[in-house]
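Some notes on the structure that comes next.
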């Protein structure tokens, strides 16, 4: 064993580690299924190449793209094999020196050093090569394109939806509704000029009478979506937040009717059926049942409470105690983390509570002072959070005292299609936020207080709030 062996091992380590990873260019194909109601409607695609008819529903759009896939190089594996061999050879030589008892102390030292270096190199390169080949790390080489998909049929209002290709969506639904004579005349004029005649389906009945309370428009079904709706008005140990149960029941109807979530996928926990353990069990049920590529809706109406020393926001279940939040309540950040750990493609959490401790839907232990600063809960990458108020504000009631102001406008915006700002028959998270926020702030000002709904969007939601489509195939009432 001599110094040249050690130098060779060091050189091998440097060369192998610097050339362990390479990028392999691979082709991918993204397929988007388009389902129309009624079937057989004409489907159009508008992108950078122009506007063209692509078939009749149901049909598919395919987009090919390239990705860079990380993998180990041959040099990495050669280095790993050489390191294993060097370690074995050094061990063999050292064993012979010991058996013959004729090796000098210098030779033994070099042998030990050779085993150490070769062994370290082998333990570094072998796992590195395996990890690189099994990680499947991919980087897209093209920026997703914004594409408009439209559907039209004789005697029906046209519908369109904006999607990203390639993108996370695997299937979209375009539900057409019967059109009025004025709309059909407008479409015929557009068609005569070569256009597809997309007519605003959600702005045609603005002058008509408002629907009766609880009457919501139907939207396209979302068979892969799940919902957990929690509403607590009758607390065991703290005052009641007026209308919280009715708010939850109303939102649950929106979930079933307008968002199209199947009844079997909707869980509702109200009052004494919404203890801490009840809610935790429902969250576990979500984790076990939501399928990859699905969606989760979470709604909470009830008291929020801040940790009086740190300002950490908690959701207060039926059996919650503001004096013992850590043992009896649910930290908002923990609930969001659990929702983000489901297999869902995306999650929307809507919380009609406040955490300032200053009143409204917020409570503090007796003798504690209202907080000025409340910590903002972090959101998971694939999660969006819409809350009733910001910071130290109060989440207050609607002007007529029936339920929360925030939920009133969320339900109207979604359930009656009023938040479809651009009239394309679908409501994005961005549209809902932009429709709800100024109306809540305006009515709160009239009640001599501040309330500003807040929105947080996770970094993993492609396209942000504007591409997060909550409801589709709707028409405003």
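The values are calculated or read from the model by the stated rules, or taken from the named source; none is laboratory data. All values reported here derive from a predicted model rather than from experimental measurement. Every residue, glycine among them, receives a Cβ derived from its backbone with ideal geometry; neighbour counts consider all protein chains shown.
A quick yes/no check of all residues on (1) in the same structural domain as residue 323 (by TED's automatic domain parsing); (2) under 23 Å from residue 409 (Cα atoms); (3) touching a strand residue (DSSP E or B) at 6+ places or on another chain (Cβ under 6 Å):
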{"residue": "233", "(1), (2), (3)": "yes, yes, no"}
{"residue": "239", "(1), (2), (3)": "yes, no, no"}
{"residue": "249", "(1), (2), (3)": "yes, yes, no"}
{"residue": "267", "(1), (2), (3)": "yes, yes, yes"}
{"residue": "278", "(1), (2), (3)": "yes, no, yes"}
{"residue": "281", "(1), (2), (3)": "yes, no, no"}
{"residue": "285", "(1), (2), (3)": "yes, no, no"}
{"residue": "289", "(1), (2), (3)": "yes, no, no"}
{"residue": "296", "(1), (2), (3)": "yes, yes, yes"}
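Scan region 465-477 and give yes if some residue there is touching a residue at least 24 places away in the same chain (Cβ under 8 Å), outside the structural domain of residue 313 (by TED's automatic domain parsing) and farther than 27 Å from residue 294 by Cα, otherwise no. Within region 465-477, one or more residues are touching a residue at least 24 places away in the same chain (Cβ under 8 Å), outside the structural domain of residue 313 (by TED's automatic domain parsing) and farther than 27 Å from residue 294 by Cα.
Can you say whether residue 254 is assigned to a strand (DSSP E or B) and closer than 25 Å to residue 416 by Cα, as far as the supplied structure shows? So residue 254 fails the test. Of 464, 460, 417, all but one fail to be within 18 Å of residue 157 (Cβ to Cβ) and at pLDDT 90 or above; the exception is 417.
Among the residues of region 323-332, how many are under 12 Å from residue 351 (Cβ atoms) and either assigned to a helix (DSSP H, G or I) or outside the structural domain of residue 384 (by TED's automatic domain parsing) (or both)?
Of the residues in that region, 1 qualify.
Among the numbered conditions (1) farther than 25 Å from residue 242 by Cα; (2) modelled with pLDDT of 95 or more; (3) in a loop (DSSP other than H, G, I, E, B), the only one that residue 319 does not meet is (1).
If the condition is being over 18 Å from the mean Cα position of the chain (by Cα) and closer than 20 Å to residue 341 by Cβ, then region 286-316 contributes 312, 313, 314, 315.
Go through 396, 464, 458, 401 for me and flag whichever is in contact with a helix residue (DSSP H, G or I) (Cβ under 9 Å, 6 or more places away or on another chain) and closer than 20 Å to residue 231 by Cα.
396
Please indicate, with yes or no, whether at least one residue in region 252-263 is farther than 20 Å from residue 470 by Cα and buried (at least 20 other Cβ atoms within 10 Å of the Cβ). No - not one qualifying residue is present in region 252-263.
Can residue 392 be described as modelled with pLDDT under 95 and in a helix (DSSP H, G or I)? First the steps, then the outcome.
Working: modelled with pLDDT under 95: yes; in a helix (DSSP H, G or I): no.
No, not satisfied.
Would you confirm whether any residue within region 425-436 is at pLDDT below 95 and in contact with a helix residue (DSSP H, G or I) (Cβ under 8 Å, 6 or more places away or on another chain)? No.
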